[in-house]
Amino acid sequence: MNFSSTPTLRTVRPVMQAAFRLVTGFLFACHGAASLFGVLGGAHGGGTVPTLQWPGWWAAVIELVGGTLVALGLFTRTAAVVCSGSMAYAYFSVHQSNALFPIDNGGEPAVMFCWTFLLIACLGPGAYAAETLLKRGATAEADDGMAPVPTP
């Protein structure tokens, strides 16, 4: 039996994909907000990352902006690729030198976010994405309800 073709799974997939995108983007944006504004416990247990400091401040901006875009479903694939790349960079520049495996070097969140955003970039935003709604609105505006006039 092919479960992927069952009507229920075909109906639920875009909605679950959207929920996955929304939760992932929201959690990532929370990391950025914590580092930039000192909310939600702040950066690394308190405070903020110094403005324009490399790479911490830039990573926090990517987390906040990229996470928000992914959560909203706006420029989803591009934002997800940037978020995935930033987490790959974080893993290899910060965590990997401490130990071989992510469980030993504290890099599990970076690895999980990296692969999660790569999956979102490959699958797309799913249902209820802002970019889909904007495309529908633009199509509706362009379509005035009249049939095209054939050209001679």
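What are the pairs, 6+ residues apart or on separate chains, where a residue within the stretch 106-119 that is in contact (Cβ under 8 Å) with a residue 24 or more places away in the chain has its Cβ under 8 Å from a residue that is part of a helix (DSSP H, G or I) and of a type in the set (Phe, Trp, Tyr)?
Here the result reads 111/91; 113/28; 114/91; 117/28, each pair linking the stretch 106-119 to a residue that is part of a helix (DSSP H, G or I) and of a type in the set (Phe, Trp, Tyr).
Give me a count of the residues in the stretch 100-134 that are surrounded by fewer than 18 Cβ atoms within 10 Å (Cβ to Cβ), of a type in the set (Gly, Ala, Ser) and on the phi > 0 side of the Ramachandran plot. Let's see the steps before the verdict.
Taking the stretch 100-134 first, the residues surrounded by fewer than 18 Cβ atoms within 10 Å (Cβ to Cβ) are 100-106, 108-109, 112, 115, 118-119, 122-124, 127-128, 130-131, 133-134.
With of a type in the set (Gly, Ala, Ser) added as a condition, the list becomes 106, 124, 127, 130.
Narrowing the set further to residues that are on the phi > 0 side of the Ramachandran plot leaves 106, 124.
The qualifying residues number 2.
Go through (1) surrounded by fewer than 16 Cβ atoms within 10 Å (Cβ to Cβ); (2) in contact with a helix residue (DSSP H, G or I) (Cβ under 8 Å, 6 or more places away or on another chain); (3) not hydrophobic (A, V, I, L, M, F, W, C) and name the single condition residue 84 misses.
The failed condition is (1).
Give me the residue from the stretch 32-67 that is open to solvent by 60 Å² or more (accessible area, probe 1.4 Å) and at pLDDT 95 or above and, out of that set, farthest from residue 127 (Cα to Cα). I'd like the intermediate steps shown before the answer.
As a first pass, look at the stretch 32-67 and keep what is open to solvent by 60 Å² or more (accessible area, probe 1.4 Å): 37, 39-40, 44-45, 48, 50-54, 58, 65.
Narrowing further to those that are at pLDDT 95 or above: 58, 65.
Working: 58: 30, 65: 21 Å.
The selected residue is 58.
(1) modelled with pLDDT under 90; (2) more than 21 Å from the chain's Cα centre (by Cα); (3) not polar (S, T, N, Q): which one isn't true of residue 104, the others all being true?
It is condition (1) that residue 104 fails.
The values are calculated or read from the model by the stated rules, or taken from the named source; none is laboratory data. On a predicted model such as this, the values are computed, not experimentally measured, just so you know. Neighbour counts run over all protein chains shown; Cβ positions are idealised from the backbone, glycine included. Heavy atoms of the whole protein, side chains included, go into the accessibility calculation; ligands, DNA and RNA do not. Shrake-Rupley method; radii C 1.70, N 1.55, O 1.52, S 1.80 Å.
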